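Participant: Got a structure here, written out as structure tokens. Questions coming.
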Amino acid sequence: MLPSAAGATLHTAGGLLPLPSRDTEIDWKAYMAQVEGVLNGTHDYTQLQGDTGPLVYPAGFVYIFMVLYYATGQGTDIPMAQNIFAVLYLVTLLLVFLIYHQTSKVPPFVFFFMCCASYRVHSIFVLRLFNDPVAMALLFLSVNLFLAHHWGWGCCCFSLAVSVKMNVLLFAPGLLFLLLTQFGFRGALPKLAICAAIQVVLGLPFLLENPIGYLSRSFDLGRQFLFQWTVNWRFLPEAIFLHRAFHLALLAAHLTLLLLFALCRWHRTGESILSLLKDPSKRKVPPQPLTPNQIVSTLFTSNFIGICFSRSLHYQFYVWYFHTLPYLLWAMPVRWLTHLLRLLVLGLIELSWNTYPSTSFSSASLHICHAVILLQLWLSPQSSPKNIQPSRKTH
């Protein structure tokens, strides 16, 4: 919940950074209290609380952190938990590198910045013990499965990621587009059914106890965020930040941009986008196999658009898109954005997320960098069908 923990602070040009103390967990004890409530027999989500607030994550979070509860001596061995999250960090890097290897778009020197240059990401993974890294690791596993054309297993892992934290749904519009492109409406239904079935099975004990309570807590789309922790809207007056009209405007902008990208950037056959509902064999334009770059760019762009129009970003949310930024900047280049300018964009984004507390300048800088990336994604040249390589068998 909070972006800093007990301990000293470091003065920087952008603000204050919390220095790591021996125990730098933030929500860990709350997570353990919530899990302990389930272990004690409470399946009503409205009754599950922790030190920092109620349980607001889907059921997959409960089961994964239940394992961590036992692995860390009922949540008391925080150094052990941090060691486990350090391994998770390395696994996540491996999954990300596998994705980038298959796309072959990002120059090798960029990986140095991904591995070594982010204080905030290292803190989120190894010190803070948030659930966001767990969700993103599962997400990147699902992307690797999509790249291997194991769509059923990919949807399974994608749904597991959603069950840990709802932010993974920002990838869902891109995934839906890919499923329709690959299988058509009827062929996509079994894959979507896998996603839905996993959510039902994992949430069943809580759905049977209090279905409204479970759904309203774990998938609360109208959740109100505190202005004091926002990273991206600090330059706004608090009254506007909290106003429902502002939230609706962001939602409208989000949906509009997704639609524009689907119509003008992702759908490249020249046929009506409604043709995606047809079986691929019955379309006027012969379907082209999905390439690794089509899969990755669609998913990463879908998520990035959602982040650009988020009602609020907290410090731990940086991992939602940190590992996708090199791809978004280098995979679809435009001439005016040189390597130096791309590195500058990465550096400014990093500085914005490392400025604590956030300032009007850091928030504005973040939006400017996001706008540059969005503009590049929109203006980047489209892949020629001649360059599309045959895909492997789909499952």
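Participant: Have a look at the stretch 236-339 and give its Rg and Dmax from the Cα atoms, expressed in angstrom.
Facilitator: Calculated on Cα positions, Rg and Dmax stand at 17.3, 53 Å.
Participant: Based on the Cβ-Cβ distance of ALA148 and ALA364, what FRET efficiency does E = 1/(1 + (r/R0)^6) give at R0 = 56 Å, to the nearest 0.05? Mind dumping the intermediate values first?
Facilitator: Details: r = 41 Å, r/R0 = 0.73.
FRET efficiency, ALA148 to ALA364: 0.85.
Participant: Of all accessible surface on the chain at a 1.4 Å probe, what whole percent is carbon and sulfur?
Facilitator: Carbon plus sulfur share of accessible area: 69 percent.
Participant: I'd like the FRET efficiency for PHE235 and THR256, computed as 1/(1 + (r/R0)^6) with the beta carbon distance as r and R0 of 25 Å, rounded to 0.05.
Facilitator: Values: r = 23 Å, r/R0 = 0.91.
Efficiency, rounded to the nearest 0.05: 0.65.
Participant: Something else about it: Sort ARG120, ARG265 by accessible area with a 1.4 Å probe, largest first. Write out the running numbers ahead of the final one.
Facilitator: On the way: ARG120 5, ARG265 25 Å².
Highest to lowest solvent-accessible surface, that is ARG265, ARG120.
Participant: Oh, and also: Just in the stretch 305-371: which chymotrypsin sites (Phe, Trp or Tyr not before Pro) are loop by DSSP and have at most 14 other Cβ atoms within 10 Å?
Facilitator: Values: sites: PHE309, TYR315, PHE317, TYR318, TRP320, TYR321, PHE322, TYR327, TRP330, TRP336, TRP353, PHE361; in loops: PHE309, TYR321, TRP336.
The qualifying sites are TRP336.
Participant: Another question, then. In straight Cα distance, which aspartates and glutamates are under 19 Å from LYS282, not counting same-chain residues fewer than 8 positions off?
Facilitator: Partners found: GLU271.
Participant: Residue by residue through the stretch 193-201, which ³J(HN,Hα) values in whole Hz follow from phi under the Karplus form 6.51 cos²θ - 1.76 cosθ + 1.60 (θ = phi - 60°), with glycine and proline marked x?
Facilitator: Each residue's phi maps through the Karplus curve to give 5, 4, 4, 5, 5, 5, 4, 5, 5 Hz.
Participant: Let me ask another. Using only the alpha-carbon atoms of the stretch 299-377, report the extent along each of the three principal axes, biggest first, to the nearest angstrom.
Facilitator: Result, largest extent first: 35, 25, 18 Å.
Participant: Moving on. If I model a spin label at GLN228 and LYS105 as a point 7 Å from the Cα along the Cα→Cβ vector, what separation in nanometres do I get?
Facilitator: 4.1
Participant: In deg cm²/dmol and to the nearest 500, what is the mean residue ellipticity at 222 nm of the chain if only DSSP H runs of at least 4 residues count, each as -39500 (n - 2.57), divided by the residue total?
Facilitator: On the way: 15 runs with 220 residues, N = 395.
Roughly -18000 deg cm²/dmol at 222 nm, from the helical runs in the chain.
Participant: Where does the chain land on Rg/Rh, using Cα atoms and the Kirkwood Rh? The partial results should precede the final answer.
Facilitator: Details: Rg = 21.1 Å, Rh = 22.1 Å.
With Rg and the Kirkwood Rh in hand, the quotient comes to 0.95.
Participant: In whole Hz, what ³J(HN,Hα) sequence does the stretch 356-370 give by Karplus (6.51, -1.76, 1.60; θ = phi - 60°), x for Gly and Pro?
Facilitator: 10, x, 5, 10, 4, 5, 5, 5, 5, 4, 4, 5, 4, 4, 4
Participant: Still on this structure: Can you list the residues, at least 5 places off or on another chain, whose amide H is less than 5 Å from the amide H of GLY50, using H built in the peptide plane?
Facilitator: LEU55
Participant: Just round it to a whole percent: the fraction of Cα-Cα distances in the stretch 132-183 exceeding 17 Å.
Facilitator: On the way: 341 of 1326 pairs.
Taking all Cα-Cα pairs of the stretch 132-183, the fraction more than 17 Å apart is 26 percent.
Participant: Follow-up question, since we're still on this one. Could you give P(r) for the stretch 64-208, binned at 5 Å from zero, as whole percent values over all Cα-Cα pairs?
Facilitator: Per 5 Å bin, starting at 0, the Cα pair percentages come out as 2, 9, 15, 19, 18, 16, 11, 7, 3, 1, 0.
Participant: How many Å² of accessible area per residue for the stretch 69-204, probe 1.4 Å? Can you show the working numbers first?
Facilitator: Values: 5150 Å² over 136 residues.
Roughly 38 Å² per residue, with all protein chains present.
Participant: Output wanted: per-residue J couplings in Hz (rounded whole) for the stretch 202-217, from phi through Karplus 6.51 cos²θ - 1.76 cosθ + 1.60, θ = phi - 60°, x for Gly and Pro.
Facilitator: 5, x, 4, x, 7, 5, 5, 7, 7, x, 5, x, 5, 5, 6, 8
Participant: Grab the Cα-Cα distance for VAL91 and ALA371, subtract it from 0.36 nm times how many residues apart they are, and report the gain in nm with one decimal.
Facilitator: Values: separation 280, 0.36 × 280 = 100.80 nm, distance 3.07 nm.
Full extension from VAL91 to ALA371 adds 97.7 nm.
Participant: How would VAL143, VAL56 line up by accessible area, probe 1.4 Å, largest first?
Facilitator: Working: VAL143 0, VAL56 30 Å².
Sorted descending by solvent-accessible area, the residues read VAL56, VAL143.
The values are calculated or read from the model by the stated rules, or taken from the named source; none is laboratory data. Just so it is clear, the structure is predicted and the values come from calculations on it, not from any experiment. Note that we place each Cβ from the backbone using ideal geometry, even for glycine, and neighbour counts take in every protein chain shown. Side chains are part of the model used for accessible areas, which takes the heavy atoms of the whole protein and leaves out ligands, DNA and RNA. Shrake-Rupley method; radii C 1.70, N 1.55, O 1.52, S 1.80 Å.
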